[in-house]
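**Student:** Below: one structure in structure tokens.
The values are calculated or read from the model by the stated rules, or taken from the named source; none is laboratory data. Just so it is clear, the structure is predicted and the values come from calculations on it, not from any experiment. Every residue, glycine as well, gets a Cβ built from its backbone with ideal geometry; the counts of neighbours run over all protein chains shown. Areas reflect the complete protein model, heavy atoms only, side chains present, ligands, DNA and RNA absent. Shrake-Rupley method; radii C 1.70, N 1.55, O 1.52, S 1.80 Å.
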Amino acid sequence: MYRLLLLGIILSGGSLWSQAATESVKTSEHKSLQQVFAVPVFAAYQENSDLKIQELFFYLQQLSQTSLEASLRNEMEIACLALFVNDSTLVVDVTSTTPTLIPIKTLFQKLAQTAPLQLTVSERVNYNSVTYQSWKNGYTVRCIQNEATRDYTVAQTVFFQLQPQQFGSHEQQTYQYRLGNMELR
């Protein structure tokens, strides 16, 4: 129950940030993120991207649970895929003892056939490599499985781009987070 409450808080927080980002859409058609947002605002958006990464690993941990009902598994996979740029985005294979990158859809299949995982993301996150509409978050993932502990140092591209969003019968462009490929460090 605690995890579902935490997930609800994470999802509602993301929508508040998205609403605030909508205000900047009018002036940002072809500008970089650093041109659109003031430095403290941009830094706040970068910090908020940590929540999407936390959400990702929450889903992955839940998807490794053998007691997860098929319908709930399907809904969690759909919600998890919505975090990504596309379903072939490369992520760290937390089921493997050797650091490897695989497409997120492949990881879903492996999680359904593995022993349950406990996943945590380091609190220390570095933001660097800012590009036109993305940056990289650097963090460490700790994976505990069958009493064995593995750490993966990851750099992940986070896109913050204008995306269409439906509000009833009205469609509006809002800034939204999408997770890109991971790199092992």
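**Student:** If I filter segment 72-86 for residues that are closer than 22 Å to Tyr152 by Cα and open to solvent by 60 Å² or more (accessible area, probe 1.4 Å), do I get at least one hit?
**Tutor:** yes
Each row is one residue, and each column tells you yes or no for (1) at negative phi; (2) basic (Lys, Arg); (3) touching a residue at least 40 places away in the same chain (Cβ under 8 Å).
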{"residue": "Asn146", "(1), (2), (3)": "no, no, no"}
{"residue": "Thr153", "(1), (2), (3)": "yes, no, no"}
{"residue": "Thr157", "(1), (2), (3)": "yes, no, no"}
{"residue": "Gln165", "(1), (2), (3)": "yes, no, yes"}
{"residue": "His170", "(1), (2), (3)": "yes, no, no"}
{"residue": "Leu184", "(1), (2), (3)": "yes, no, yes"}
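**Student:** Just the residues that are in contact with a Lys or Arg (Cβ under 9 Å, 6 or more places away or on another chain), surrounded by 12 or more Cβ atoms within 10 Å (Cβ to Cβ), assigned to a loop (DSSP other than H, G, I, E, B) and not acidic (Asp, Glu), please, taken from segment 90-131.
**Tutor:** The answer is Val94, Thr95, Ser96, Pro99, Ala112, Ser122, Ser129, Val130.
**Student:** OK, next. When the residues of segment 44-65 are narrowed to those that are in contact (Cβ under 8 Å) with a residue 60 or more places away in the chain and among the aliphatic types (A, V, I, L, M), which ends up farthest from Ala115 (Cα to Cα)?
**Tutor:** Looking at the filtered set, the residue picked out is Ile53.
**Student:** Tell me which of these Gln176 doesn't satisfy, since it passes every other one: (1) farther than 21 Å from Ile102 by Cβ; (2) open to solvent by 50 Å² or more (accessible area, probe 1.4 Å); (3) of a type outside the set (A, V, I, L, M); (4) touching a strand residue (DSSP E or B) at 6+ places or on another chain (Cβ under 8 Å).
**Tutor:** The one condition Gln176 does not meet is (2).
**Student:** Another question, then. Which ones in segment 70-89 are more than 20 Å from Gln118 (Cβ to Cβ), charged (D, E, K, R) and either assigned to a helix (DSSP H, G or I) or modelled with pLDDT of 95 or more (or both)?
**Tutor:** Glu75, the sole residue that qualifies.
**Student:** Here's another thing I want to ask about it. Return a yes/no flag: does segment 91-114 have any residue that is in contact with a Leu (Cβ under 9 Å, 6 or more places away or on another chain), within 30 Å of Val39 (Cβ to Cβ) and aliphatic (A, V, I, L, M).
**Tutor:** no
**Student:** For the list (1) at pLDDT 90 or above; (2) loosely packed, with under 15 Cβ neighbours inside 10 Å; (3) not basic (Lys, Arg), I need the number of the one condition that Glu55 fails.
**Tutor:** (2)
**Student:** I need the full set of residues from segment 95-111 which are within 19 Å of the chain's Cα centre (by Cα) and hydroxyl-bearing (Ser, Thr, Tyr), in order please.
**Tutor:** Thr95, Thr100, Thr106
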